[in-house]
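If you scroll down you'll find the structure; I have some questions about it.
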Amino acid sequence: MSRPELPALALATIRSPATAARDLMALNLPSQALWAGLGLVAVAHALFYLFSETVSPSPVTQIIGSPLRYFLLVAVNMALTAFALHRVGRLMGGEAALDDVLVLIVWLNGLYLVSLLAVLLIGLAVPLVGMVLVFVTVILGFWITLHFVNEAHRLGSLFRAFGVIVAAIIVVFICLSLVQVILGLPTGGTLPDV
């Protein structure tokens, strides 16, 4: 895929997420490339975290700490999400291969990073517009994810895809809670004084 095709695929993801999902899976990228992509997207998220905390510090810095921890959380979250959506979807009658789910997760997280950068920059200039963009990004992201899961597993139903997503979220939440404890991050209570 060439660079000029990426913006077109990004627009297709918004306009017709089911078609974009089929196009992404049709690339048949090797597993090694997908895992490398996951790592690169996680590194890009960590760099964005470092940039955003420099531009506009938040209490999240005191919870997560270093960009390395953030990288680990993003990478583990993406991998767990891919595995959970794959396994839960298969248990619920889906047909996706892990690579099908992985290419969609990596692509979606890459687009999410671009949207975060836009939200940060616009939010610094016009905070109210930034808040609206966050809401739009979350709704649109969920809509795209529904279609991606439906296409990957060939479920034929957005309702069934919703069930896969909910069950996968529960699995990821439990696993990330364990990772949070392993990394020594706070597990409850209140945020530290800022």
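Quick check on Ser52: is it small (Gly, Ala, Ser), touching a residue at least 24 places away in the same chain (Cβ under 8 Å) and out of contact with any His (no Cβ under 7 Å at 6 or more places or on another chain)?
yes
If we scan segment 123-130, do we find a residue that is part of a loop (DSSP other than H, G, I, E, B) and buried (at least 22 other Cβ atoms within 10 Å of the Cβ)? Walk me through it before giving the result.
Pass one, segment 123-130, residues part of a loop (DSSP other than H, G, I, E, B): 126.
If we keep only those that are buried (at least 22 other Cβ atoms within 10 Å of the Cβ) as well, we get none.
The answer is no; no qualifying residue exists.
Another one. Any residue in segment 83-95 that's of a type outside the set (Lys, Arg): show its pairings with residues that are exposed (fewer than 15 other Cβ atoms within 10 Å of the Cβ) at Cβ separation under 7 Å, as long as the two are six or more apart or on different chains.
Matching pairs, first to second residue: Gly94/Arg154; Glu95/Arg154.
Quick one: which residue in Ile182, Ile144 is in a helix (DSSP H, G or I) and at pLDDT 90 or above?
From the options Ile182, Ile144, the qualifying one is Ile144.
The values are calculated or read from the model by the stated rules, or taken from the named source; none is laboratory data. Owing to the predicted nature of the structure, the values given are computational and were not obtained by experimental measurement. Glycine gets a Cβ as well: all are built from the backbone with ideal geometry, and neighbour counts include every protein chain shown.
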